[in-house]
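Asks: Below: one structure in structure tokens.
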Amino acid sequence: MMLKGIFLEVKKKFETALGILQKEKITIDPDDPAAVSEYARVMKTVRQKADLFSESQRIKYTIESRTQGIPDARSYLLALKEIRIKRGLTDEQGAEAMMMDALEKVEQELKKPLMRNDKKGMALLMTEFDKINQKLGIRREDLPKYEEQLEFKIAKAQLEELKKDALEAMDTQKKREEFKDEEMPNVKSLDIRNFI
């Protein structure tokens, strides 16, 4: 019975997503910021209406579920690094190294490993992290903007993948005898709604 419920829920989400994608025009042009923004908007609508996680929500869920039983701050930070690497996210600003340095500083002050349930110690670490964020120019109130930038990057990568797949499919068609004299359309002119 539970399995049937899960299946029906997944089916409903799939049908909701498909319904939106059948109505929306998506231009497969990863080099056009307007096309990327529109694709990101459509995918956000799909996620909201089908009740799916955004990438940042997915990362947050992964962090919460993978770090739940980790008692110390060092293992927690190492787990975050592992999650970042597995997700293919880069640490261009070197924040991880700075966070580890901050942890070293706090642990030297405490003269023991920092446990996550140590409220005073964690408050000290958070103060150090705030200094790092300030140094890197990261402000809490800008988090929605960072999330939007992440969604835009993901949308661009997905459009590039769609374009690559479409070009490969057209190339395969062109090699077939019955299509060899046909002119292949420009990927940008394809309407995904015709293929759903």
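Asks: Restricting the search to region 7-62, which residues are open to solvent by less than 30 Å² (accessible area, probe 1.4 Å), out of contact with any Ser or Thr (no Cβ under 7 Å at 6 or more places or on another chain) and closer than 21 Å to A166 by Cα?
Replies: Hits for region 7-62 are A17, I26, I28, D29, P30, V36, Y39, A40, V42.
Asks: Right, here's the next one. What's the number of the only condition in (1) open to solvent by 80 Å² or more (accessible area, probe 1.4 Å); (2) not in a loop (DSSP other than H, G, I, E, B) that D181 fails to meet?
Replies: D181 satisfies every listed condition except (2).
Asks: Note down all Cβ pairs under 9 Å where the first residue falls in region 146-164 and is under 12 Å from A40 (Cα atoms) and open to solvent by less than 50 Å² (accessible area, probe 1.4 Å), the second is in a helix (DSSP H, G or I) and of a type in the set (F, W, Y), and they're at least six residues apart or on different chains.
Replies: Close Cβ pairs satisfying both conditions: A155/Y39; L159/Y39.
Asks: Could you please give the count of residues in region 85-124 that are outside any loop (DSSP other than H, G, I, E, B), of a type in the set (D, E, K, R) and farther than 16 Å from R74 by Cβ?
Replies: Residues flagged as outside any loop (DSSP other than H, G, I, E, B), of a type in the set (D, E, K, R) and farther than 16 Å from R74 by Cβ within region 85-124 amount to 4.
Asks: Let me ask another. So, I132, is that one of a type in the set (V, I, T), closer than 25 Å to M100 by Cα and not in a helix (DSSP H, G or I) or not?
Replies: Taking the combined requirement at face value, the residue does not satisfy it.
Asks: Okay, next question. When you scan region 66-73, do you find a residue that is open to solvent by 90 Å² or more (accessible area, probe 1.4 Å) and either modelled with pLDDT of 90 or more or under 22 Å from I138 (Cβ atoms) (or both), even just one?
Replies: There is at least one residue in region 66-73 that is open to solvent by 90 Å² or more (accessible area, probe 1.4 Å) and either modelled with pLDDT of 90 or more or under 22 Å from I138 (Cβ atoms) (or both).
Asks: Of the residues R139, R116, R176, only one is modelled with pLDDT under 90, in contact with a helix residue (DSSP H, G or I) (Cβ under 9 Å, 6 or more places away or on another chain) and open to solvent by 70 Å² or more (accessible area, probe 1.4 Å); which?
Replies: Answer to the check: R139.
Asks: Based on this model, can you work out whether I85 counts as out of contact with any Leu (no Cβ under 9 Å at 6 or more places or on another chain), of a type in the set (A, V, I, L, M), under 29 Å from P33 (Cα atoms) and in contact (Cβ under 8 Å) with a residue 12 or more places away in the chain?
Replies: No: the conditions fail for I85.
The values are calculated or read from the model by the stated rules, or taken from the named source; none is laboratory data. All of these numbers come straight from a predicted model, not from anything done at the bench. Note that each Cβ is placed from the backbone with ideal geometry, even for glycine, and that neighbours are counted across all protein chains shown. For accessibility, only protein heavy atoms count, side chains too; no ligands or nucleic acids. Shrake-Rupley method; radii C 1.70, N 1.55, O 1.52, S 1.80 Å.
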